[in-house]
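Undergrad: Dropping the structure in here first, questions after.
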């Protein structure tokens, strides 16, 4: 399936949930946040949020800033 | 002690992150500053270099991690960034920063006000970055902002406090903490902000881009402390004529 992650098309084998997707990229720990099709998810929603072909995701973290 | 919303901070110096030559220098500078509050920006994560850690060595659990909304040009973008930051699990404070001018990086006052209002309604502890506009600072306070953060001069400019009169008016009318943010360059700038009655300062480039960031961090810590002590001690009034320090009587004349 094709997902749009952080503005970039990503081809993936079937992924079930946001949790599984984050684990696939190895970014499931630490201080990150996920927006799924325009909805900002709470961490406890990652497990139950299904990912489908064509979904848009934004995965953000913290960088240096003033 | 500095109280912002429900947070009590022992340091009056807040420090930006990034812009250091290395994570090691950043770690040492942060420690030398003895700050409680580190600021961060929210950005897209690189899925290729996910393991990269720009804050290596820093025990982030020891600090209040204050996200900013830098990158936002509208209230809507700022609110979204703040909500993303909250879900990523930092503190519930947010520094509202909505830039309206790419040359000066001065904030857009209308969008800044709107963003602050929406974030307050959403339960955030709101610290708002603003220019040194006296009326806007008052309106942000009336809105319920937990702290107001007027710029001393444009971000990263190092020009210091370009309008101490405005800053003084902002401080005199303040009922919430005033944190002088942006544009400070030297320890004397930081001390001056505190002498004017500010409750704290936020520094980034002044420390991170100094030739010796670790030493500058310590200098800034001492300057903030000295400025606050001096402000509380009450300086002498300025006058146009001299007053002798030594007694005028009993001078032994040459015979």
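Read-outs throughout are calculated quantities, based only on the coordinates presented, and are distinct from any laboratory measurement. Nothing here was measured: the structure is a model prediction, and the numbers come from that model. All Cβ positions, glycine included, derive from the backbone under ideal geometry; neighbour counts span all protein chains shown.
Undergrad: What does the stretch B:123-175 give for Rg and for Dmax, in Å, if only its C-alpha atoms count?
TA: 11.2, 35
Undergrad: Further question: Neighbouring Cβ atoms within 10 Å as the yardstick, rank B:235, B:80, B:44 fewest first.
TA: Details: B:235 8, B:80 19, B:44 14.
So the residues, fewest neighbours to most, are B:235, B:44, B:80.
Undergrad: Now, a different point. Determine Rg/Rh for the stretch B:152-208; Rg is computed over alpha-carbon atoms and Rh is the Kirkwood hydrodynamic estimate from the same atoms.
TA: Details: Rg = 10.4 Å, Rh = 11.0 Å.
Expressed as Rg/Rh, it is 0.94.
Undergrad: Could you tell me how many degrees, from 0 to 90 and to the nearest 10, lie between the Cα long axis of helix B:75-87 and the main elongation axis, the longest principal axis, of the Cα atoms of chain B?
TA: Long axis of B:75-87 versus the principal axis of chain B: about 80 degrees.
Undergrad: Please report the antiparallel percentage of DSSP beta bridges with both residues in chain A, rounded to the nearest 5. Before the final figure, lay out the partial values.
TA: Working: 12 of 14 bridges.
Restricted to chain A, the bridges split so that about 85 percent are antiparallel.
Undergrad: Which angle from 0 to 90°, rounded to the nearest 10, does the C-alpha axis of helix B:213-233 make with the longest principal axis of chain B?
TA: Between the helix axis and the principal axis of chain B, the angle is about 60 degrees.
Undergrad: Hey, another quick one. On the first, second and third principal axes, largest extent first, how far apart are the outermost C-alpha atoms of the stretch B:113-201 in Å?
TA: 38, 25, 18
Undergrad: Let me ask something else. Which of B:94, B:25, B:207 moves most in a GNM of chain B, Cα contacts under 10 Å?
TA: Largest GNM mean-square fluctuation: B:25.
Undergrad: Show me, bin by bin at 5 Å from 0, the whole-percent P(r) of the stretch B:91-149 based on Cα pairs.
TA: Binned Cα distances yield the sequence 4, 22, 35, 23, 11, 5, 0.
Undergrad: What's the Cα-based Rg to Rh of the stretch B:147-255, Rh via Kirkwood? Please list the in-between numbers first.
TA: Numbers: Rg = 18.3 Å, Rh = 15.5 Å.
Checking Rg against Rh, the ratio lands at 1.18.
Undergrad: Which percentage, to the nearest 5, of the DSSP beta bridges contained in the protein assembly as shown is antiparallel? Working shown, then result.
TA: On the way: 21 of 48 bridges.
Among the beta bridges of the protein assembly as shown, antiparallel pairing accounts for roughly 45 percent.
Undergrad: Okay, next question. Compare B:111, B:211, B:97 in a GNM of chain B, Cα atoms joined below 10 Å, and give the one with the largest fluctuation.
TA: The residue that fluctuates most here is B:211.
Undergrad: Just checking the output field for A:28-36: average partner chain Cβ neighbours within 10 Å of each residue's Cβ?
TA: 5
Undergrad: If you don't mind, another one. FRET efficiency for residue B:103 and residue A:8, Cβ-Cβ distance as r, R0 = 45 Å, nearest 0.05? Walk me through the intermediate numbers first.
TA: On the way: r = 31 Å, r/R0 = 0.68.
It comes out at approximately 0.90.
Undergrad: Another question about this same structure. Treating the angle as unsigned and between 0 and 90°, give the value, to the nearest 10°, between the Cα long axis of helix B:23-33 and the longest Cα principal axis of chain B.
TA: Once rounded, one gets 40 degrees.
Undergrad: Can you pull the three principal axis extents for the Cα set of the stretch A:2-61, in Å, largest first?
TA: 25, 19, 19
Undergrad: Of the DSSP beta bridges with both residues in chain B, give the percent that are antiparallel, rounding to the nearest 5.
TA: Values: 4 of 29 bridges.
Close to 15 percent.
Undergrad: Hey, what's the Cα Rg ratio for the stretch B:2-86 versus the globular rule of thumb, 2.2 N^0.38 Å?
TA: Details: Rg = 14.2 Å, N = 85, 2.2 N^0.38 = 11.9 Å.
The stretch B:2-86 yields a ratio of 1.19.
Undergrad: To the nearest whole percent, what portion of all C-alpha pairs in the protein assembly as shown is separated by more than 26 angstrom?
TA: Numbers: 26020 of 51360 pairs.
More than 26 Å apart: 51 percent of the Cα pairs in the protein assembly as shown.
Undergrad: Dividing the convex hull volume of the alpha carbon atoms of chain B by its residue count, what do you get in Å³ per residue? Before the final figure, lay out the partial values.
TA: Details: hull volume 42.4 nm³, N = 255.
Spelled out: Cα convex hull of chain B, divided by residues, is 166 Å³.
Undergrad: In whole Å, what are the Cα extents of the stretch B:64-184 along the three principal axes, biggest one first?
TA: Reported extents, whole Å, longest axis first: 39, 31, 27.
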